[in-house]
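The next block holds one structure in the form of C-alpha coordinates; read it before the comments.
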Amino acid sequence: MSVIPVLEADVLRRQDPELAEILLGELARQSTTLQLIAAENFTSPAVLAALGSPLANKYAEGYPGARHHGGCEIVDVAERVAVDRAKALFGAEHANVQAHSGSSAVLAAYAALLRPGDTVLALGLPYGGHLTHGSPANFSGRWFDFVGYGVDAETGIVDYAQVRSLARLHRPKAIVCGSIAYPRHIDYAFFREVADEVGAYLIADAAHPIGLVAGGAAPNPVPYADVVCATTHKVLRGPRGGMLLCGSELAERVDRAVFPFTQGGAQMHTIAAKAVAFGEAATPAFTAYAHQVVANARVLAAGLAAEGLVVTTGGTDTHLITADPLPLGVDGRAARGQLAAAGMVLDCCALPHGDSRGLRLGTAAVTTQGMGEGEMAGIAALVAGVLRGRVDARSARDEVRDLVGGFPPYPG
Ligand SMILES: *Cc1c(COP(=O)(O)O)cnc(C)c1O
(Lines give C-alpha, C1' and ligand atoms only; values in the text may rest on other atoms or scores of the structure.)
Protein backbone atom coordinates (compact mmCIF):
# COMPACT_ATOMS: atom_id res chain seq x y z
CA MET A 1 0.00 0.00 0.00
CA SER A 2 1.28 3.45 -0.80
CA VAL A 3 1.59 5.72 2.20
CA ILE A 4 0.14 8.57 0.19
CA PRO A 5 -3.29 7.28 -0.82
CA VAL A 6 -3.91 10.04 -3.36
CA LEU A 7 -0.72 9.11 -5.15
CA GLU A 8 -1.67 5.44 -5.13
CA ALA A 9 -4.80 6.41 -7.00
CA ASP A 10 -2.56 8.44 -9.27
CA VAL A 11 -5.01 11.30 -8.92
CA LEU A 12 -2.56 13.88 -7.71
CA ARG A 13 0.08 12.78 -10.18
CA ARG A 14 -2.29 13.25 -13.07
CA GLN A 15 -3.91 16.44 -11.85
CA ASP A 16 -0.92 18.16 -10.30
CA PRO A 17 2.40 16.57 -11.21
CA GLU A 18 4.25 19.50 -9.69
CA LEU A 19 2.90 18.78 -6.20
CA ALA A 20 3.05 15.01 -6.67
CA GLU A 21 6.75 15.33 -7.35
CA ILE A 22 7.25 17.41 -4.21
CA LEU A 23 5.42 14.86 -2.03
CA LEU A 24 7.35 11.95 -3.50
CA GLY A 25 10.59 13.91 -3.23
CA GLU A 26 10.00 14.42 0.48
CA LEU A 27 9.19 10.73 0.93
CA ALA A 28 12.48 9.92 -0.83
CA ARG A 29 14.38 12.40 1.37
CA GLN A 30 12.93 10.87 4.53
CA SER A 31 13.76 7.36 3.29
CA THR A 32 17.32 7.97 2.11
CA THR A 33 18.72 10.20 4.87
CA LEU A 34 19.04 9.62 8.59
CA GLN A 35 16.29 11.29 10.65
CA LEU A 36 17.84 12.29 13.97
CA ILE A 37 15.67 15.33 14.76
CA ALA A 38 14.53 14.69 18.34
CA ALA A 39 11.01 16.02 17.69
CA GLU A 40 10.29 13.88 14.62
CA ASN A 41 9.01 10.39 13.99
CA PHE A 42 7.41 8.27 11.26
CA THR A 43 3.64 7.94 11.66
CA SER A 44 2.07 4.66 10.66
CA PRO A 45 0.24 4.19 7.34
CA ALA A 46 -2.99 3.99 9.41
CA VAL A 47 -2.36 7.43 10.88
CA LEU A 48 -1.58 8.81 7.42
CA ALA A 49 -4.77 7.22 6.08
CA ALA A 50 -6.87 8.99 8.74
CA LEU A 51 -5.13 12.29 7.90
CA GLY A 52 -5.89 11.85 4.22
CA SER A 53 -9.53 10.93 4.86
CA PRO A 54 -12.77 12.83 4.09
CA LEU A 55 -12.96 13.84 7.75
CA ALA A 56 -10.75 16.69 6.54
CA ASN A 57 -13.90 18.10 4.90
CA LYS A 58 -15.95 18.36 8.06
CA TYR A 59 -16.60 21.54 10.01
CA ALA A 60 -17.09 20.78 13.69
CA GLU A 61 -16.91 23.79 16.00
CA GLY A 62 -17.66 22.87 19.59
CA TYR A 63 -17.49 19.51 21.29
CA PRO A 64 -19.20 16.12 20.72
CA GLY A 65 -22.92 16.48 21.32
CA ALA A 66 -22.68 20.29 21.33
CA ARG A 67 -21.55 21.43 17.89
CA HIS A 68 -22.27 24.61 16.02
CA HIS A 69 -22.55 22.67 12.76
CA GLY A 70 -24.89 19.97 11.51
CA GLY A 71 -23.83 16.54 10.33
CA CYS A 72 -21.41 15.90 13.17
CA GLU A 73 -22.85 12.53 14.30
CA ILE A 74 -19.94 10.53 12.93
CA VAL A 75 -17.07 12.87 13.72
CA ASP A 76 -18.48 13.17 17.25
CA VAL A 77 -17.81 9.46 17.65
CA ALA A 78 -14.24 9.91 16.36
CA GLU A 79 -13.57 12.64 18.92
CA ARG A 80 -15.14 10.65 21.77
CA VAL A 81 -12.96 7.66 20.87
CA ALA A 82 -9.85 9.88 20.78
CA VAL A 83 -10.71 11.44 24.17
CA ASP A 84 -11.47 8.07 25.80
CA ARG A 85 -8.28 6.53 24.47
CA ALA A 86 -6.17 9.48 25.64
CA LYS A 87 -7.74 9.36 29.12
CA ALA A 88 -7.11 5.62 29.41
CA LEU A 89 -3.57 5.85 28.02
CA PHE A 90 -2.43 8.53 30.48
CA GLY A 91 -4.76 7.89 33.42
CA ALA A 92 -6.31 11.35 33.09
CA GLU A 93 -9.80 12.37 34.16
CA HIS A 94 -10.12 14.66 31.16
CA ALA A 95 -8.51 15.03 27.75
CA ASN A 96 -8.86 17.73 25.12
CA VAL A 97 -7.65 16.51 21.73
CA GLN A 98 -8.54 19.59 19.67
CA ALA A 99 -5.37 21.66 20.18
CA HIS A 100 -3.88 22.19 16.72
CA SER A 101 -0.29 21.97 17.96
CA GLY A 102 1.87 21.79 21.04
CA SER A 103 2.06 25.59 21.11
CA SER A 104 -1.73 25.84 20.87
CA ALA A 105 -2.01 23.47 23.82
CA VAL A 106 0.30 25.66 25.91
CA LEU A 107 -1.62 28.78 24.86
CA ALA A 108 -4.86 27.10 25.95
CA ALA A 109 -3.36 26.02 29.29
CA TYR A 110 -2.34 29.62 30.01
CA ALA A 111 -5.75 30.87 28.86
CA ALA A 112 -7.46 28.40 31.20
CA LEU A 113 -5.42 29.32 34.28
CA LEU A 114 -3.94 32.81 33.89
CA ARG A 115 -4.70 36.44 33.17
CA PRO A 116 -2.42 38.74 31.17
CA GLY A 117 0.26 40.16 33.42
CA ASP A 118 0.45 37.12 35.69
CA THR A 119 3.87 35.88 36.73
CA VAL A 120 4.94 32.47 35.42
CA LEU A 121 8.05 30.52 36.41
CA ALA A 122 9.48 28.37 33.61
CA LEU A 123 12.76 26.94 32.38
CA GLY A 124 14.65 29.82 30.74
CA LEU A 125 14.99 29.74 26.97
CA PRO A 126 18.82 29.47 27.02
CA TYR A 127 18.41 26.23 29.01
CA GLY A 128 15.83 24.57 26.80
CA GLY A 129 12.59 26.40 27.48
CA HIS A 130 10.19 26.46 24.51
CA LEU A 131 9.19 29.70 22.76
CA THR A 132 5.85 29.47 24.59
CA HIS A 133 7.72 29.62 27.90
CA GLY A 134 8.28 33.36 27.75
CA SER A 135 10.12 34.22 24.56
CA PRO A 136 9.78 37.93 23.75
CA ALA A 137 9.06 36.86 20.15
CA ASN A 138 6.04 34.81 21.33
CA PHE A 139 2.64 35.73 22.82
CA SER A 140 3.82 34.23 26.10
CA GLY A 141 6.61 36.74 26.60
CA ARG A 142 4.38 39.68 25.71
CA TRP A 143 1.32 38.74 27.77
CA PHE A 144 2.87 37.24 30.89
CA ASP A 145 5.68 38.12 33.23
CA PHE A 146 8.06 35.18 32.92
CA VAL A 147 10.79 34.35 35.38
CA GLY A 148 13.31 31.76 34.21
CA TYR A 149 14.98 29.03 36.22
CA GLY A 150 18.04 27.27 34.86
CA VAL A 151 20.05 24.11 34.92
CA ASP A 152 23.29 23.49 36.79
CA ALA A 153 26.13 24.67 34.49
CA GLU A 154 28.27 21.68 35.48
CA THR A 155 25.77 18.82 35.48
CA GLY A 156 23.07 20.14 33.14
CA ILE A 157 20.41 18.98 35.65
CA VAL A 158 17.50 21.31 36.48
CA ASP A 159 18.53 23.59 39.33
CA TYR A 160 15.78 22.45 41.68
CA ALA A 161 17.03 24.61 44.55
CA GLN A 162 16.72 27.65 42.28
CA VAL A 163 13.19 26.63 41.28
CA ARG A 164 12.21 26.69 44.95
CA SER A 165 13.92 29.98 45.76
CA LEU A 166 12.56 31.77 42.67
CA ALA A 167 9.06 30.45 43.43
CA ARG A 168 9.27 31.78 46.99
CA LEU A 169 10.61 35.12 45.77
CA HIS A 170 8.20 35.73 42.87
CA ARG A 171 5.07 33.82 43.99
CA PRO A 172 4.16 32.89 40.37
CA LYS A 173 0.58 32.11 39.38
CA ALA A 174 1.88 29.10 37.46
CA ILE A 175 5.05 27.03 37.25
CA VAL A 176 5.89 25.34 33.94
CA CYS A 177 8.08 22.26 33.76
CA GLY A 178 9.10 20.81 30.43
CA SER A 179 11.70 21.53 27.78
CA ILE A 180 12.66 21.17 24.16
CA ALA A 181 16.11 19.85 24.98
CA TYR A 182 16.19 18.21 28.42
CA PRO A 183 17.54 14.64 28.25
CA ARG A 184 16.62 13.57 31.80
CA HIS A 185 13.40 12.70 33.60
CA ILE A 186 11.73 15.63 35.34
CA ASP A 187 10.97 15.39 39.06
CA TYR A 188 7.26 16.19 38.84
CA ALA A 189 6.69 15.47 42.54
CA PHE A 190 9.21 18.18 43.41
CA PHE A 191 7.52 20.71 41.13
CA ARG A 192 4.12 19.80 42.67
CA GLU A 193 5.50 20.37 46.14
CA VAL A 194 6.90 23.80 45.24
CA ALA A 195 3.70 24.78 43.40
CA ASP A 196 1.65 23.83 46.47
CA GLU A 197 3.98 25.73 48.76
CA VAL A 198 3.54 29.00 46.83
CA GLY A 199 -0.05 28.47 45.69
CA ALA A 200 0.81 28.15 41.98
CA TYR A 201 -0.70 26.01 39.26
CA LEU A 202 1.65 23.40 37.84
CA ILE A 203 1.69 23.09 34.06
CA ALA A 204 3.71 20.21 32.64
CA ASP A 205 4.68 20.80 29.02
CA ALA A 206 5.41 17.17 28.17
CA ALA A 207 5.55 17.69 24.40
CA HIS A 208 8.67 15.56 24.09
CA PRO A 209 8.39 12.76 26.66
CA ILE A 210 4.63 12.10 26.41
CA GLY A 211 5.21 9.22 23.99
CA LEU A 212 7.65 7.65 26.45
CA VAL A 213 4.99 8.09 29.13
CA ALA A 214 2.50 6.24 26.93
CA GLY A 215 4.97 3.37 26.61
CA GLY A 216 5.81 3.30 30.32
CA ALA A 217 9.37 4.48 29.71
CA ALA A 218 9.14 7.86 31.48
CA PRO A 219 7.33 9.16 34.59
CA ASN A 220 3.75 10.33 34.05
CA PRO A 221 3.13 14.01 34.87
CA VAL A 222 -0.66 13.55 35.00
CA PRO A 223 -0.86 12.72 38.74
CA TYR A 224 1.16 15.85 39.59
CA ALA A 225 0.32 18.65 37.17
CA ASP A 226 -2.90 20.66 37.09
CA VAL A 227 -2.67 20.68 33.31
CA VAL A 228 -0.43 18.59 31.05
CA CYS A 229 0.24 19.98 27.56
CA ALA A 230 1.62 17.70 24.90
CA THR A 231 2.18 17.17 21.21
CA THR A 232 0.97 14.04 19.47
CA HIS A 233 3.66 13.92 16.76
CA LYS A 234 6.95 13.48 18.62
CA VAL A 235 7.80 10.17 20.34
CA LEU A 236 4.04 9.47 20.52
CA ARG A 237 4.15 8.97 16.73
CA GLY A 238 0.75 10.41 15.88
CA PRO A 239 -0.32 13.22 13.56
CA ARG A 240 1.07 16.74 13.96
CA GLY A 241 -1.04 18.20 16.76
CA GLY A 242 -1.51 18.92 20.44
CA MET A 243 -3.58 17.81 23.42
CA LEU A 244 -4.26 18.71 27.03
CA LEU A 245 -4.83 16.43 30.02
CA CYS A 246 -6.28 17.56 33.34
CA GLY A 247 -8.54 16.68 36.26
CA SER A 248 -12.34 16.94 36.02
CA GLU A 249 -12.41 20.20 37.98
CA LEU A 250 -10.49 22.03 35.23
CA ALA A 251 -12.10 20.19 32.31
CA GLU A 252 -14.56 22.90 31.37
CA ARG A 253 -12.03 25.73 31.71
CA VAL A 254 -9.53 23.84 29.53
CA ASP A 255 -12.12 23.00 26.89
CA ARG A 256 -13.35 26.59 26.70
CA ALA A 257 -9.75 27.83 26.54
CA VAL A 258 -9.25 25.73 23.39
CA PHE A 259 -12.64 26.47 21.82
CA PRO A 260 -13.94 29.13 21.56
CA PHE A 261 -11.15 31.14 23.21
CA THR A 262 -8.06 30.30 21.12
CA GLN A 263 -9.29 28.12 18.24
CA GLY A 264 -12.15 27.70 15.81
CA GLY A 265 -13.25 24.52 14.11
CA ALA A 266 -11.68 21.26 15.24
CA GLN A 267 -9.60 19.38 12.66
CA MET A 268 -11.53 16.14 12.62
CA HIS A 269 -9.14 14.24 10.33
CA THR A 270 -6.31 15.02 12.72
CA ILE A 271 -8.43 14.05 15.73
CA ALA A 272 -9.25 10.72 14.06
CA ALA A 273 -5.55 10.23 13.38
CA LYS A 274 -4.81 11.03 17.05
CA ALA A 275 -7.30 8.30 18.01
CA VAL A 276 -5.46 5.85 15.74
CA ALA A 277 -2.13 6.81 17.30
CA PHE A 278 -3.50 6.47 20.87
CA GLY A 279 -4.75 3.02 19.89
CA GLU A 280 -1.30 2.08 18.62
CA ALA A 281 0.35 3.54 21.73
CA ALA A 282 -1.77 1.30 23.99
CA THR A 283 -0.28 -1.89 22.51
CA PRO A 284 2.58 -4.02 23.94
CA ALA A 285 4.45 -3.32 20.70
CA PHE A 286 4.50 0.39 21.55
CA THR A 287 5.69 -0.29 25.09
CA ALA A 288 8.58 -2.26 23.60
CA TYR A 289 9.16 0.58 21.13
CA ALA A 290 9.33 3.25 23.87
CA HIS A 291 11.87 1.23 25.86
CA GLN A 292 13.92 0.58 22.73
CA VAL A 293 13.92 4.33 21.97
CA VAL A 294 15.55 4.95 25.37
CA ALA A 295 17.98 2.03 25.05
CA ASN A 296 19.02 3.34 21.63
CA ALA A 297 19.48 6.89 22.93
CA ARG A 298 21.67 5.61 25.78
CA VAL A 299 23.95 3.77 23.32
CA LEU A 300 24.06 6.74 20.95
CA ALA A 301 24.91 9.11 23.84
CA ALA A 302 27.63 6.77 25.13
CA GLY A 303 29.04 6.42 21.60
CA LEU A 304 29.17 10.18 21.08
CA ALA A 305 30.82 10.64 24.50
CA ALA A 306 33.41 7.96 23.67
CA GLU A 307 34.16 9.85 20.44
CA GLY A 308 34.95 13.00 22.45
CA LEU A 309 31.72 15.02 22.28
CA VAL A 310 30.59 16.49 25.60
CA VAL A 311 27.18 14.94 26.24
CA THR A 312 24.99 17.16 28.47
CA THR A 313 24.23 15.50 31.84
CA GLY A 314 26.59 12.71 30.78
CA GLY A 315 23.87 10.73 29.05
CA THR A 316 20.10 10.47 28.76
CA ASP A 317 16.97 8.95 30.33
CA THR A 318 14.90 9.65 27.24
CA HIS A 319 14.95 9.72 23.43
CA LEU A 320 16.85 12.99 23.43
CA ILE A 321 20.55 13.85 23.56
CA THR A 322 22.31 17.19 23.50
CA ALA A 323 26.04 17.31 22.97
CA ASP A 324 28.82 19.80 22.39
CA PRO A 325 31.03 18.85 19.41
CA LEU A 326 33.57 21.62 20.14
CA PRO A 327 36.30 19.21 21.37
CA LEU A 328 36.23 17.80 17.81
CA GLY A 329 37.05 21.26 16.51
CA VAL A 330 33.61 22.34 15.29
CA ASP A 331 30.68 24.12 16.95
CA GLY A 332 27.07 22.93 16.79
CA ARG A 333 25.99 25.13 13.94
CA ALA A 334 28.85 24.12 11.67
CA ALA A 335 28.48 20.50 12.76
CA ARG A 336 24.81 20.47 11.79
CA GLY A 337 25.75 21.66 8.32
CA GLN A 338 28.53 19.10 7.88
CA LEU A 339 26.26 16.30 9.05
CA ALA A 340 23.42 17.44 6.79
CA ALA A 341 25.81 17.28 3.83
CA ALA A 342 26.55 13.72 4.93
CA GLY A 343 22.84 12.81 5.00
CA MET A 344 22.35 13.01 8.76
CA VAL A 345 19.55 15.39 9.73
CA LEU A 346 19.55 16.88 13.23
CA ASP A 347 19.23 20.20 15.06
CA CYS A 348 21.54 22.47 16.92
CA CYS A 349 20.52 23.85 20.29
CA ALA A 350 21.63 26.03 23.17
CA LEU A 351 23.89 24.39 25.74
CA PRO A 352 23.80 24.99 29.48
CA HIS A 353 27.48 25.91 29.56
CA GLY A 354 29.38 28.45 27.48
CA ASP A 355 28.26 30.38 24.41
CA SER A 356 28.72 27.87 21.62
CA ARG A 357 25.78 25.92 20.31
CA GLY A 358 25.47 22.19 20.59
CA LEU A 359 23.77 19.38 18.73
CA ARG A 360 20.35 17.98 19.64
CA LEU A 361 19.43 14.56 18.40
CA GLY A 362 16.87 11.87 19.18
CA THR A 363 16.12 8.24 18.48
CA ALA A 364 12.32 8.20 18.03
CA ALA A 365 12.36 8.03 14.23
CA VAL A 366 15.27 5.64 13.74
CA THR A 367 13.77 3.28 16.33
CA THR A 368 10.44 3.28 14.47
CA GLN A 369 12.45 2.23 11.41
CA GLY A 370 13.62 -0.80 13.38
CA MET A 371 17.18 0.22 14.21
CA GLY A 372 18.73 -1.04 17.43
CA GLU A 373 21.79 -0.55 19.61
CA GLY A 374 24.20 -1.85 16.95
CA GLU A 375 23.07 0.76 14.46
CA MET A 376 23.32 3.49 17.15
CA ALA A 377 26.97 2.67 17.77
CA GLY A 378 27.57 2.90 14.02
CA ILE A 379 25.81 6.26 13.82
CA ALA A 380 27.91 7.67 16.69
CA ALA A 381 31.09 6.58 14.89
CA LEU A 382 29.89 8.06 11.61
CA VAL A 383 28.94 11.40 13.24
CA ALA A 384 32.40 11.63 14.80
CA GLY A 385 34.08 10.49 11.58
CA VAL A 386 32.44 13.31 9.63
CA LEU A 387 33.12 15.96 12.27
CA ARG A 388 36.77 14.93 12.62
CA GLY A 389 37.17 14.96 8.85
CA ARG A 390 38.02 11.25 8.78
CA VAL A 391 35.08 10.47 6.50
CA ASP A 392 34.24 12.75 3.58
CA ALA A 393 30.65 13.79 2.95
CA ARG A 394 30.30 11.62 -0.13
CA SER A 395 31.31 8.35 1.49
CA ALA A 396 29.30 9.24 4.61
CA ARG A 397 26.23 9.77 2.40
CA ASP A 398 26.80 6.36 0.83
CA GLU A 399 27.13 4.78 4.27
CA VAL A 400 23.93 6.49 5.44
CA ARG A 401 22.08 5.38 2.32
CA ASP A 402 23.20 1.78 2.89
CA LEU A 403 22.16 1.92 6.52
CA VAL A 404 18.69 3.41 6.01
CA GLY A 405 18.15 1.21 2.97
CA GLY A 406 17.96 -1.72 5.39
CA PHE A 407 15.27 0.00 7.48
CA PRO A 408 12.70 1.56 5.13
CA PRO A 409 10.21 3.68 7.14
CA TYR A 410 7.43 2.70 4.72
CA PRO A 411 8.28 -0.72 3.28
CA GLY A 412 6.95 -1.12 -0.24
C1 LIG B 1 7.56 20.75 20.48
C2 LIG B 1 7.25 21.55 21.70
C3 LIG B 1 6.22 22.49 21.73
C4 LIG B 1 5.47 22.97 20.49
O5 LIG B 1 4.90 22.07 19.67
P6 LIG B 1 4.40 22.59 18.22
O7 LIG B 1 3.49 21.50 17.79
O8 LIG B 1 5.62 22.77 17.38
O9 LIG B 1 3.69 23.89 18.42
C10 LIG B 1 5.93 23.11 22.92
N11 LIG B 1 6.62 22.84 24.03
C12 LIG B 1 7.64 21.97 24.05
C13 LIG B 1 8.36 21.72 25.32
C14 LIG B 1 8.00 21.29 22.87
O15 LIG B 1 9.02 20.44 22.91
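How much of the DSSP bridge set in the chain is antiparallel, in percent, rounded to the nearest 5?
55 percent
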Pairwise label distance in nanometres, Phe139 with Arg29, each label 7 Å out on the Cα-Cβ vector: 2.9 nm
Potential lengthening between Glu93 and Glu249 on full extension [0.36 nm per residue; Cα-Cα distance subtracted]: 55.2 nm
Selected from His100, His170, His291 as most flexible by GNM, with the chain as the system and alpha-carbon contacts under 10 Å: His170
Label-point separation, Val77 to Asp402 (7 Å along Cα→Cβ), nm: 5.2 nm
Projected-area average for the stretch 54-281 over all orientations - Cα convex hull basis, square nanometres: 11.6 nm²
Solvent-accessible surface ranking, highest first, for Thr313, Thr287 at 1.4 angstrom: Thr287, Thr313
Cα gyration tensor category, rounded, prolate or oblate, for the stretch 124-237 with a/c compared to 1.5: rounded
Heavy-atom SASA rank of Thr368, Thr316 (probe 1.4 Å, accessible area, largest first): Thr368, Thr316
Portion, in percent, of the accessible area of the chain that falls on carbon or sulfur, probe 1.4 Å: 54 percent
Helical segments meeting 18 Å axial Cα length and Kyte-Doolittle 1.0 threshold in the chain (DSSP H): 373-387
Descending Cα extents along the principal axes, the stretch 187-337, whole Å: 53, 41, 32
Heavy atoms of His233: accessible area, 1.4 Å probe, square angstrom to 10: 20 Å²
Rounded to the nearest 10 Å², the accessible area of Glu197 at probe 1.4 Å: 80 Å²
Positive minus negative residues near Arg394 (Lys, Arg vs Asp, Glu; Cβ under 14 Å): -1
Residue-level accessible surface for Tyr224, protein heavy atoms, 1.4 Å, Å²: 90 Å²
Along each principal axis, Cα extent of the chain, largest first, Å: 59, 59, 38
GNM result for the chain, Cα springs below 10 Å: residue of Ala207, Ala88, Ala66 fluctuating most strongly: Ala66
Rough spin-label spacing in nm, given labels placed 7 Å along Cα→Cβ, for Val11 and Arg333: 4.5 nm
Integer Hz, Karplus 6.51/-1.76/1.60 couplings in order for the stretch 43-48, x for Gly and Pro: 6, 6, x, 5, 5, 5
Partners for Lys58 among lysines (Cα-Cα distance below 28 Å; same-chain residues under 8 apart left out): Lys87, Lys234, Lys274
Residue among Thr43, Thr155, Thr232 with the largest mean-square fluctuation in a Gaussian network model of the chain, springs linking Cα atoms under 10 Å: Thr155
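The values are calculated or read from the model by the stated rules, or taken from the named source; none is laboratory data. Predicted model only: the values in this text are computed from it and were never measured. As a convention, Cβ positions derive from the backbone with ideal geometry for all residues, glycine included, and neighbour counts pool all protein chains shown. Keep in mind that these areas ignore ligands, DNA and RNA; they rest on the heavy atoms of the full protein, side chains included. Shrake-Rupley method; radii C 1.70, N 1.55, O 1.52, S 1.80 Å.
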